[in-house]
Amino acid sequence: MFKTIARTLLLIATFTLCQAALADDTSKRPLFFFLLIHDDVKETSDKRLVEDYFAWLIKDLESFTGRRVHLQFIRNVPDVTDFQYKNENTDQTYGAWRSEINQYLKEQNLPINGTSKYLLVTQSRMNSTTAGFATL
């Protein structure tokens with residue numbers, strides 16, 4: 001089930017990156033995925049996560065955008081990687097997540113732009129009807 005959810009969320013993230021990646025074709029800035037690995041994810045090997053869930057995405061993105069793709073794994077960040085994402089109200093969850101991630105990005109001085117995306121990788125679905133969501 002984790003693979004199905006991960007693939008769905010990665011496709012959503014890919015589409016949100018495509019617009020920015022293709023719009024600025026001349027600079028060929030790399031694409032950055034900051035993968036915030038939730039504390040409930042059982043897999044502890046970043047290498048294994050790449051092989052099982054991200055290798056195909058990297059290959060596809062690099063081939064059709066002509067840009068390099070970089071993955072940065074982030075683990076064990078209080079209030080971020082232990083975020084309580086399971087909730088029937090996705091709007092409420094999104095608002096709380098947005099607040100936490102914005103605070104983290106500010107504290108870490110991380111970029112907010114069209115070629116940097118932040119994904120919370122979780123073990124489970126958000127609720128019975130929602131595997132995950134993404135925004136631009």
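The values are calculated or read from the model by the stated rules, or taken from the named source; none is laboratory data. Computed from a prediction, not measured in an experiment: that's the story for all the values here. Here Cβ is always computed from backbone atoms with ideal geometry, including for glycine, and neighbour counts include all displayed protein chains.
Could you check how many residues of the stretch 100-121 are among the hydroxyl-bearing types (S, T, Y) and farther than 15 Å from L36 by Cα? Going through the stretch 100-121 one residue at a time, the tally reaches 1.
One residue alone among D82, D24 is charged (D, E, K, R) and modelled with pLDDT of 95 or more, and that residue is D82.
Within the stretch 46-74, restricting attention to residues that are of a type in the set (K, R) and closer than 23 Å to G114 by Cα, which residue is surrounded by the most Cβ atoms within 10 Å (Cβ to Cβ)?
R67
Kindly indicate whether F54 is aromatic (F, W, Y), farther than 21 Å from A131 by Cα and touching a helix residue (DSSP H, G or I) at 6+ places or on another chain (Cβ under 9 Å). Against the criterion (aromatic (F, W, Y), farther than 21 Å from A131 by Cα and touching a helix residue (DSSP H, G or I) at 6+ places or on another chain (Cβ under 9 Å)), F54 does not qualify. Tell me yes or no: at least one residue of the stretch 78-85 is polar (S, T, N, Q) and loosely packed, with under 13 Cβ neighbours inside 10 Å. Checking the stretch 78-85: at least one residue is polar (S, T, N, Q) and loosely packed, with under 13 Cβ neighbours inside 10 Å.
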